[in-house]
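Throughout, read-outs are computed from the coordinates displayed, never taken from laboratory work. Everything quoted here is computed from the prediction, not taken from an experiment. Quick reminder, even Gly has a Cβ in these numbers, built from the backbone with ideal geometry, and neighbours come from all protein chains shown.
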Amino acid sequence: MFFSFVRPWVLATVLCMGVLPDVGQAQPAWQVRDPVPYGFHPDSLERVFARAEALNPLNSLLIASGSDLVAEQYFRGMGPTQGVNVKSASKSILSALVGIALDEGALDSLDQPIGPFFPDILADDPRKQQITLRNLLTMQAGLESTSFGNYGEWVTSGNWVRDALERPLTDAPGTTMTYSTGTSHLVSVILTKATGVPTRRYAQDRLFDPLGVRIRSWQQDPQGYYFGGNNLALTPTALLRFGQLYLNGGRWNGTQVVPRAWVEASWQTYVQRTYRGFHFGYFWWHEDFGGRHAYFAWGYGGQFVFVVPSIDLVAVATSSLSNRPDGANDHSGRIFRFMNETLIPALDPARRLP
């Protein structure tokens, strides 16, 4: 485990007494600034992090109250400076970039059709030409999925954009959600064409520079477009700041990074009761956990950003994609249960220990 903070009240006690702490005395493994000002009882945090440690292959858990990091812990060789492949949690980041591009005027509206962005591929297909940006953001493009059983075939094709767009229409656009990373990749390509800037640079300049974090890596497709919706590497701290940005209505250190109206629009329900019964917005999921409504970015293998506005809470969980024990097939489901049964109840002011 990585130790990143010394509890201020412990340090103050040591300095006042002029003695070193008893190295044999058990100290909490999680690192915390000081739980008391945030209303968190130490026993509650102990319970949360003890349960988290057992969630192999979970390798980080960070908890923030509003703009303040309260506690964090790293497991199984993970550390705060390491980048994490956030997988499909990057779709929520793409959503933020769309909101910024709309605000800047690079994109006209969510109802603009995608046909003009792909004139050669869609020249002879008027139905697909009328697919809108809104359809992409809600996974209602109507195109056959490139995810799940089709994923390998798609990413080994020579042209991901053409492959995604030439797949058959299985539903009328705007009617049915079909989860597909090919759909989110089209959003990245549209962003690049609309802004004239590669998605990675646009994300760094407009979103991550204001947050004070750096993109670690991001895969590109065979034509050089950055992978919209997958294989973006960020540190857990970067994910936490992204969640805090949304908790604060898109504002960071006095700067409106993402329009507040876009944050609110992204968290509306556009698809009811989809996977696991969750609701879906603009590349954001939401559902009740522990009696509180949470909005979350969700990546394969256990990469999460949870935002719980009613209790001013942001939680980030990341997980190893390589060292996965037997029985970790439903690791995401275990994290959902952890949120529902442990983390949110333990940190809910209406249910905290006295």
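Here are the numbers:
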quantity: Mean Cβ neighbour count within 10 Å, used as a protection proxy, ranking 72-85, 261-274 highest first; calculated: 72-85, 261-274
quantity: For VAL84, distant residues with modelled amide H under 5 Å away; calculated: LEU234, THR235
quantity: Protection proxy ranking of 212-223, 135-146, 174-185 - average other beta-carbon atoms within 10 Å, highest first; calculated: 135-146, 174-185, 212-223
quantity: Ranking of ASP288, ASP125 by count of other Cβ atoms within 10 Å, fewest first; calculated: ASP288, ASP125
quantity: Total charge dipole magnitude, the stretch 84-347, about the Cα centre, Cβ charges on Lys, Arg, Asp, Glu only, Debye to nearest 20; calculated: 600
quantity: Computed [θ] at 222 nm, helices only, for the chain once each DSSP H run of length n ≥ 4 contributes -39500 (n - 2.57); calculated: -8500 deg cm²/dmol
quantity: Magnitude of the charge dipole, the stretch 144-295, Cβ model with Lys/Arg +1 and Asp/Glu -1, debye to 20; calculated: 540
quantity: For the stretch 199-354, with +1 on Lys and Arg beta carbons and -1 on Asp and Glu, the positive-most of GLN303, PRO236, LEU313 along the dipole; calculated: PRO236
quantity: Euclidean distance of C-alpha centroids, the stretch 278-354 and the stretch 96-155, integer Å; calculated: 29
quantity: Backbone HN-Hα couplings from phi across the stretch 333-347 [Karplus 6.51/-1.76/1.60, Hz, Gly and Pro as x]; calculated: x, 5, 5, 4, 5, 4, 5, 6, 9, 10, 5, 5, x, 5, 9
quantity: Relative contact order [Cα under 8 Å, 6+ residues apart], the stretch 84-347, whole percent; calculated: 21
quantity: In Hz, Karplus ³J(HN,Hα) per residue of the stretch 162-172 (6.51, -1.76, 1.60; θ = phi - 60°; x = Gly, Pro); calculated: 4, 4, 5, 6, 8, 5, x, 7, 8, 8, 5
quantity: Exposure proxy order (Cβ contacts within 10 Å, fewest to most) of LYS193, LYS91, LYS128; calculated: LYS193, LYS128, LYS91
